[in-house]
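The values are calculated or read from the model by the stated rules, or taken from the named source; none is laboratory data. Keep in mind that this is a model prediction, so the values were computed, not measured. Note: ideal-geometry Cβ built from the backbone for every residue, glycine included; neighbour counts use all protein chains shown.
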Amino acid sequence: MPPESLPANPRRAEYAARFNRVVDHIQAHLAEAMTLETLAGVACFSPCHFHRLFHGWMGETIHDFIARLRLERAAAQLIYSPRKPITEVALDCGFSSSATFARAFRAFHGLSASEWRKRREVSGAGRQGPAPLANRAFPMTLKVEVKRLEPMRVAYIRHVGPFQENAALFERLLGRIRGWAGPRGLLAGARLLSVSHDAPEITQAQKLRLDAAITVPEGTPVGGEICSRKLEGGTYAVARVRIRADQFIEAWDTLMGGWLPGSGYQPDDRPRFELYLNDPASENEKLIDVEICLAVKAL
């Protein structure tokens with residue numbers, strides 16, 4: 001895997017940027033058929049070399065990577081969309097038939113889709129589904145507003161690996177993206193955020209993807225390991241909180257397990273993110289003023 005720090009070799013940084021583009025493309029088109037030729041074109045590699053290059057960089061074949069993301073998305077939908085038929089989940093996640101999905105799901109998660117939905121946990125490979133949040137007590141109080149957010153163009157640095165409750169990692173990543181934006185005159189009016197692409201309760205920790213990002217104008221040039229993408233707009237549940245660095249999991253659990261079940265909404269497949277509204281290092285309380293933003297759709 002690419003290291004967390006910016007690589008000294010600019011050629012390695014170029015590889016990171018190309019493969020990040022491929023991963024972003026796959027994430028946005030999971031329900032669609034994707035050819036090797038198309039993905040190789042996104043990476044600007046020839047098809048004959050792309051498969052081996054992707055495997056060497058990501059540690060997974062392109063086929064296994066796409067299958068894993070589809071199966072993890074399906075696992076999340078089975079949990080958070082409990083009334084959605086399993087066949088519909090399969091088709092929405094890019095599987096050609098319910099039979100193909102059933103075989104792949106059992107092979108990957110160790111349970112059938114219906115068993116996963118009932119038990120919310122799996123055996124083997126160290127993967128474990130989420131505990132039933134709706135049955136827990138949530139001491140944190142959230143004021144949640146459902147609103148439509150506009151699309152945002154962001155420049156980002158991607159971290160692959162564990163990140164939960166690692167305040168030092170977040171500080172380093174956000175400091176790096178801020179350090180890139182400052183000399184380019186991009187800080188004024190910009191917003192800092194982090195974007196999570198995977199569900200920590202489903203995806204193995206070493207494969208979690210996190211982007212430290214900053215909003216930038218359209219057409220802003222990027223390079224090296226700094227990449228650019230557009231975050232989709234749409235309907236989001238937004239909770240503004242002022243919390244310590246060790247309270248983020250509690251805030252997300254309260255939103256997902258305390259507020260969501262009675263809201264009339266369910267999670268959408270778009271990435272969830274956190275918008276940071278202050279610099280906690282400059283305040284005596286060291287509290288983080290943040291909006292946690294969950295993409296939702298009607299139940």
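Going by the conditions given, is residue 170 out of contact with any His (no Cβ under 7 Å at 6 or more places or on another chain), modelled with pLDDT under 95, crowded, with 18+ Cβ neighbours inside 10 Å and part of a loop (DSSP other than H, G, I, E, B)?
no
Of the conditions (1) assigned to a loop (DSSP other than H, G, I, E, B); (2) farther than 27 Å from residue 71 by Cβ; (3) out of contact with any strand residue (DSSP E or B) (no Cβ under 7 Å at 6 or more places or on another chain), residue 201 satisfies every one except a single condition; which number is it?
So residue 201 meets the others, but not (2).
What number of residues within region 9-53 satisfy the criterion of being assigned to a helix (DSSP H, G or I), over 15 Å from residue 229 (Cβ atoms) and among the charged types (D, E, K, R)?
So the count comes out to 5.
Determine the pairs where a residue that is under 16 Å from residue 272 (Cβ atoms), located within region 221-235, has a partner that is assigned to a loop (DSSP other than H, G, I, E, B) and hydrophobic (A, V, I, L, M, F, W, C) with Cβ atoms under 8 Å apart, the partner being 6 or more residues away or on another chain.
Pairs that qualify, where the first residue is under 16 Å from residue 272 (Cβ atoms) and the partner is assigned to a loop (DSSP other than H, G, I, E, B) and hydrophobic (A, V, I, L, M, F, W, C): there are none.
Out of region 99-147, which residues are assigned to a loop (DSSP other than H, G, I, E, B), modelled with pLDDT of 50 or more and hydroxyl-bearing (Ser, Thr, Tyr)?
Result: 112, 141.
Residue by residue through region 48-86, note down the ones that are more than 22 Å from the chain's Cα centre (by Cα) and within 19 Å of residue 29 (Cα to Cα).
50, 51
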